[in-house]
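First up is the structure itself, then whatever we jot down about it.
What follows draws every value from the coordinates through simple rules; no lab data is involved. In this text, all values refer to a predicted model and were calculated from it rather than measured experimentally. Quick reminder, even Gly has a Cβ in these numbers, built from the backbone with ideal geometry, and neighbours come from all protein chains shown.
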Amino acid sequence: MTSRTRIVPEVDFDKPGQQRGFLRLFHSVHSSAYGYIPFPIVVLKNGEGPTALFVSGTHGDEYEGQVALCNLARTLQPEAIQGRVILLPAANLPAAVAGRRTSPIDEGNLNRLFPGDPDGSVTEQIAYYIEHELVARAHIVVDLHSGGSSLMYVPSALMQQDDEDPARNAKLRAALQAFAAPVAYIGHAAPGQGAGRTTGGAAMRQGKLALGSELGGTGTVTPAAVRIAERGLRNILIHFGITEGQVEPQQTRLLDVAGPDYFVYSSVPGLYEPLVELGDMVRAGQPAARIHQPETPWAPAVEETFANDGFVLCKRIPGRTVRGDCLFHLGTDVSW
Ligand code: ZN
């Protein structure tokens, strides 16, 4: 492992038992010349076996996964596992504490900054550490996301399809099925985002398996979303042989989010009126939303339409919108 990280872990990844501590990211500022930012980490190790890395708080305003990993950090015992489990519940800690998608220190969006930079900004340094020190040690990575403040999802788990590697895809599909969310989807990198900049991209570069989730959103937590996350993580540990037991089966609807035309954007600024709900089936050409101008209420409303048939997987939450905001995205049913 050739890593040039400057971050100093308080935990020893090879020590048996349970360790709780912090990754020290040194950050010299006006109020604290020699201080560090403490990213919490839990390592559980027992004997030989695969390593699971569970991450949340990559986006600080996505809370469902953070709740699930807090619960797991308190309850999972090393005697219950065979192998290693690494928990990073607040991956972008400054963003998580602020309840924001991005870091208030450098505006860094952790899930757009992989592979990171060991000499870069705070968020670039943690991205580098996650990819080169944590993902590099893992066999399976689960990064728990949700819609955050601006989006709401039908609770789902997801995988990034790797068109170059069918064997890896088959393993990812099996893990996705084991996660047993009500909906699972295959992503192909959101338009313009580039999968390489996400945790999934980090895992691909490191030759590791990675799943994601979109557990809900709106900057809140529901008991149902937390249950889905916790069942998913339990099932993943069983699926990879890290804990004993039976994967709890569940009917999972598999969707493909196949291209840019699955996304509907606002073409004008204004107040957005959604015309469909999450979980609806829609047709190409169907109106998705109207955008009103309350400042000029008699002005004609602008209609945005779906360009594809599909299942409404995600919708925008805030009513005010500007040109370029994503209002909806779809998925289409595919078979397992
Ligand atoms: Zn996210």
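Quick notes on this one:
- Contact order relative to length of the chain, as percent, for alpha carbon pairs under 8 angstrom and 6 or more apart: 15
- Cross-link partners of K208 among lysines (Cα-Cα below 20 Å; sequence separation of 8 or more within a chain): K45, K171
- Cα convex hull volume per residue for the range 218-314 (Å³): 145
- Modelled spin labels at L278 and Q250, positioned 7 Å past Cα toward Cβ, are 1.4 nm from each other.
- Under the simplified labelling scheme, the D119-D309 pair shows an inter-label distance of 5.5 nm, with each label point 7 Å from Cα along Cα→Cβ.
- In sequence order, the range 171-186 has phi-based couplings of 5, 5, 4, 5, 5, 4, 5, 5, 4, 6, 6, x, 10, 10, 9, 9 Hz under the Karplus curve 6.51 cos²θ - 1.76 cosθ + 1.60, θ = phi - 60°, and Gly or Pro positions carry x.
- Gain on full extension, evaluated as 0.36 nm per residue between N169 and A33 minus their Cα-Cα distance, stands at 44.3 nm.
- Given R0 = 22 Å, the distance between the Cβ atoms of K15 and I238 translates into a calculated FRET efficiency of 0.35.
- Potential lengthening between T220 and A98 on full extension [0.36 nm per residue; Cα-Cα distance subtracted]: 42.5 nm
- Residues I228, I130 in ascending order of nearby Cβ atoms (within 10 Å, fewest first): I228, I130.
- Rounded to the nearest whole angstrom, the semi-axes of the ellipsoid equivalent to the range 263-328, taken from the Cα gyration tensor as √(5λ), stand at 21, 12, 10, largest first.
- Couplings for the range 24-37, taken from phi via the Karplus curve 6.51 cos²θ - 1.76 cosθ + 1.60 with θ = phi - 60°, read 8, 9, 6, 9, 8, 10, 3, 8, 7, 5, 10, x, 10, 8 Hz in order; Gly and Pro are left as x.
- At 0.692 mPa s and 37 °C, Stokes D of the range 237-278 from Kirkwood alpha-carbon radius, µm² per second: 214
- Remark: S56, S267, S32, S335 ranked as S335, S32, S267, S56, counting other beta-carbon atoms within 10 Å and listing the fewest first.
- Full extension of the chain between A299 and D261 yields a length gain of 10.9 nm, computed as 0.36 nm times the residue separation minus the alpha carbon distance.
- Helix axis angle, 223-239 relative to the chain longest principal axis, alpha carbon, degrees: 50
- Rg/Rh for the range 1-133 stands at 0.97; both radii use Cα atoms, and Rh follows the Kirkwood definition.
- Reach of K315 by Cα under 22 Å, taken over lysines that are not fewer than 8 positions away in the same chain: none
- In the chain, the DSSP-assigned H stretches of four residues or longer account for a calculated mean residue ellipticity at 222 nm of -5500 deg cm²/dmol, using -39500 (n - 2.57) per stretch and the full residue count as denominator.
- Value of relative contact order over the range 263-328, rounded to a whole percent, pairs C-alpha under 8 Å and six or more apart: 47
- Debye-formula intensities of the range 125-194, expressed as log10 I(q)/I(0) at q = 0.15, 0.20 Å⁻¹, are -0.64, -1.11 (one equal scatterer per alpha-carbon, no solvent).
- Semi-axes of the equivalent ellipsoid of the chain are 35, 24, 17 Å, computed as sqrt(5λ) over the eigenvalues of the C-alpha gyration tensor in descending order.
- Less than 5 angstrom separates the built amide H of V142 from those of L53, F54, V55, L211, all sequence-distant by 5 or more or on a different chain.
- Extents of the range 78-141, taken as max minus min of Cα coordinates on every principal axis and listed largest first, are 39, 24, 15 Å.
- Rounded tilt (10° steps) of 64-75 against the dominant C-alpha axis of the chain: 20
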